[in-house]
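Shown next, in structure tokens, is the structure this report addresses.
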Amino acid sequence: MGNNAESWLGQIDFNLFNETQFEEFCFELLQHVGFVNVDWRKGTNLSSSPSDSGRDIVANLEREDFDGTKRLETWFVDCKHQQKGVPPKELQNLLSWANAERPTVALFIVSGFLSNPSKDYLRDYELNNRPPFLIKYCERPVLERLATGNENFLRRFFGDLPRSYSEILATEEEFFDRVWYDRNRLLEKLIKEGKKTVSEDVATGMKIARIQVEKKYGADKLGPYDDFEWGMINGKLSALRWVMGEDWDMLDT
């Protein structure tokens with residue numbers, strides 16, 4: 001299916017992950033949002049990353065200057081998977097490594113939130129140390145917003161969630177069109193046989209509407225259907241309408 005961000009907002013549960021799985025999610029997410037040369041510095045098959053030297057991921061982000069020239073920024077990323085607010089002591093390894101290596105940005109990606117003392121610590125650290133790199137952090141709300149840009153990406157990590165209302169509405173419209181088209185084609189046959197009559201204006205409108213449906217889905221994909229296929233199409237339309245608040249077996253077109 002297509003991108004349906006509203007399906008996932010508020011429903012992403014990072015508590016389903018262990019530390020390594022959260023790092024993998026961040027590794028994939030950074031590539032998803034445009035980073036290149038993304039290096040997950042796990043260095044082991046263990047469930048933790050003891051050899052990351054204070055940064056879990058190193059990545060580059062391309063920037064373009066006003067004159068059209070491009071440059072690569074280096075980002076050191078520390079992934080913090082904790083249910084409680086991340087305390088200041090958890091921030092020190094990345095900052096120490098960044099001071100030694102001097103990346104462009106030191107980024108903390110947090111599955112929940114930094115504690116208020118941590119935010120104060122980072123602010124004071126910038127004021128007092130004037131580090132040669134920027135310090136950024138990405139907490140759960142921003143992380144969710146970045147992740148909801150691609151439904152297929154999210155399904156890889158979280159499985160299936162209920163469809164969004166917009167997706168249900170679009171699918172209901174498709175099956176409405178299919179049922180209407182088949183019924184209208186039958187009506188046209190009855191008119192030609194003299195068993196039904198409609199005004200010239202109605203006949204013209206029906207023809208125009210059929211052409212629009214054919215352009216939308218392709219005439220070769222609009223039947224004829226066998227009994228099983230026709231039953232499935234009507235059943236899907238009924239189910240979709242029930243989800244949208246209609247009574248069961250509401251198949252009017």
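Here is how the numbers come out for the structure above:
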| quantity | calculated |
| --- | --- |
| The listed residue being out of contact with any Cys (no Cβ under 6 Å at 6 or more places or on another chain), over 30 Å from Glu151 (Cα atoms) and among the basic types (Lys, Arg), out of Lys216, Lys192, Lys236 | Lys192 |
| Residue check, Leu187 surrounded by 11 or more Cβ atoms within 10 Å (Cβ to Cβ), assigned by TED's automatic domain parsing to the domain that holds Phe14, assigned to a helix (DSSP H, G or I) and on the phi < 0 side of the Ramachandran plot | no |
| Output for the stretch 150-178, where each listed residue is within 21 Å of Phe27 (Cα to Cα) and either among the aliphatic types (A, V, I, L, M) or part of a strand (DSSP E or B) (or both) | Leu154 |
| Selection count where residues are assigned to a loop (DSSP other than H, G, I, E, B) and either surrounded by fewer than 18 Cβ atoms within 10 Å (Cβ to Cβ) or not assigned by TED's automatic domain parsing to the domain that holds Val58 (or both), scope the stretch 116-149 | 4 |
| From the options Lys236, Lys207, residue that is assigned to a helix (DSSP H, G or I), under 29 Å from the mean Cα position of the chain (by Cα) and modelled with pLDDT of 90 or more | Lys236 |
| Looking only at the stretch 156-169, and only at residues there that are surrounded by 14 or more Cβ atoms within 10 Å (Cβ to Cβ) and charged (D, E, K, R), the one that is modelled with the lowest pLDDT | Arg163 |
| Candidates Phe176, Phe158, filtered to the one that is in contact (Cβ under 8 Å) with a residue 12 or more places away in the chain, among the aromatic types (Phe, Trp, Tyr) and more than 20 Å from Arg241 (Cα to Cα) | Phe158 |
| Total residues in the stretch 96-115, condition in contact with a helix residue (DSSP H, G or I) (Cβ under 7 Å, 6 or more places away or on another chain) and surrounded by fewer than 22 Cβ atoms within 10 Å (Cβ to Cβ) | 2 |
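The values are calculated or read from the model by the stated rules, or taken from the named source; none is laboratory data. Remember, it's a predicted structure, so these values are computed and weren't measured experimentally. When we count neighbours, we look across all protein chains shown, and the Cβ atoms used for this are built from the backbone with ideal geometry, even at glycine.
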